[in-house]
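This report concerns only the one structure given below.
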Amino acid sequence: MGKILESLPKTIVAGIVLTILMVIATNHLEDANQSGAEKAISDLQKKMN
Amino acid sequence: MEDTILFLVRYLHVLCGVMWIGILWYFNFVQIPSMPKIPDDQKPAISKVIAPEALFWFRWGAAGTVLFGLILSYMNGYMHEAMTLQRPDIGFGMWMGLIMAFNVWFIIWPAQKIALGIVETDADAKPAAGRRAMLFSRTNTLLSIPMLFSMISAQNATGF
C-alpha cells in the first residue's frame, strides 16, 4: 500500500479502481435493499433509459 | 423558506469542499512533487509561509464541508439511510468524506505541526512525521476520487 501511495500516478489509478468497485458495490446493495415491486419498477426504468 | 436554507447549506457545503479538495490536490499535484526541485535556501518560503497558511484553510475547509454536509443530509432526511448504507449511492461518499476529515484533523495536521516545526520536538521526529503526513495526504487523494464520484452521481446521475 505504501508503494502505491508514494507514487501519484499509482494513487490516481488506485482511486479509479476503488471508484469502479464502489459502483459495483452500490448496485449490489441497492438491488439487495429493494423490495420485489421496487425492483420491477427500477428494472423497467433502466430498460426505458 | 426551507428551500432557500437548503440551497444555502448546499452552496456552503460545495464552497468548503472546493477549498478542502482544491488544497489537498495542490499539496499532492504541485507542492510535494516540487519540493525536491526547490533549492534548500528557498525551502523555508514553502515550509514556513505557504504550507502553514494552506494547512489553515485546508483543515477548516474539511471541517466546514463535513458540518454543512451533515446538516444537508439531515435536512433532506437521508442521513440515517446513507450512514447505514441503505442509500449506498451517497452513503459511500459520506463515509469516505468522514474518514478523510478524520485524517486531516487527527493525523495529517498533528504530523505537519511536527514536520514544519510549528511545535517543538526532536529533530529526529520530523522526517517520520513528514512521511506520515504525506502518506495520509495521498490516502485522502486516493479516496477523493470515489468520494467525489459518489457525491456527484448521487445528485445527478441515473443508472449507476
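The values are calculated or read from the model by the stated rules, or taken from the named source; none is laboratory data. Everything quoted here is computed from the prediction, not taken from an experiment. Here the Cβ positions follow ideal geometry from the backbone for every residue, glycine too, while neighbour counts run over all protein chains shown. All accessible areas refer to the heavy atoms of the entire protein, side chains included, with ligands and DNA or RNA removed. Shrake-Rupley method; radii C 1.70, N 1.55, O 1.52, S 1.80 Å.
Some notes on this structure:
A quick yes/no check of all residues on (1) of a type outside the set (Gly, Ala, Ser); (2) more than 20 Å from B:Ile32 (Cα to Cα); (3) at pLDDT below 95:
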site	(1), (2), (3)
B:Gly97	no, yes, no
B:Gln112	yes, no, no
B:Lys126	yes, no, yes
B:Met134	yes, no, no
B:Leu143	yes, no, no
B:Phe149	yes, yes, no
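- With a requirement of 2 or more residues that are surrounded by 11 or more Cβ atoms within 10 Å (Cβ to Cβ) and either at the interface with chain B (Cβ under 7 Å from one of its Cβ atoms) or at pLDDT below 80 (or both), the helices (runs of 4 or more DSSP H) lying completely within chain A that satisfy it span A:8-33, A:36-48.
- Filtered residues of the range A:5-26 (kept if under 8 Å from the mean Cα position of the chain (by Cα) and of a type outside the set (A, V, I, L, M, F, W, C)): A:Thr19, A:Thr26
- So B:Ser137, is it open to solvent by less than 30 Å² (accessible area, probe 1.4 Å) and over 19 Å from the mean Cα position of the chain (by Cα): no
- Counted as qualifying within the range B:38-156 are the helices (runs of 4 or more DSSP H) with 1 or more residues that are β-branched (Val, Ile, Thr), closer than 27 Å to A:Ala14 by Cβ and within 14 Å of chain A (Cβ to nearest Cβ), namely B:88-103, B:125-156.
Let's see how each residue does on (1) free of Cβ contacts under 8 Å to residues at least 60 places away in the same chain; (2) surrounded by 14 or more Cβ atoms within 10 Å (Cβ to Cβ):
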site: B:Met75; (1), (2): no, yes
site: B:Ile114; (1), (2): yes, yes
site: B:Gly117; (1), (2): no, yes
site: B:Ala123; (1), (2): yes, no
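- A count restricted to the range B:140-158 and to residues that are open to solvent by less than 60 Å² (accessible area, probe 1.4 Å) and over 12 Å from B:Ile90 (Cα atoms) stands at 6.
- Failed item, numbered, when B:Ile99 is tested on (1) over 21 Å from the mean Cα position of the chain (by Cα); (2) surrounded by fewer than 15 Cβ atoms within 10 Å (Cβ to Cβ): (1)
- Residue count, the range B:24-62 (criterion: more than 20 Å from B:Gly117 (Cα to Cα), hydrophobic (A, V, I, L, M, F, W, C) and open to solvent by less than 30 Å² (accessible area, probe 1.4 Å)): 2
- The range B:77-96, residues that are farther than 13 Å from B:Met147 by Cβ and surrounded by fewer than 18 Cβ atoms within 10 Å (Cβ to Cβ): B:Gly77, B:His80, B:Glu81, B:Met83, B:Thr84, B:Gln86
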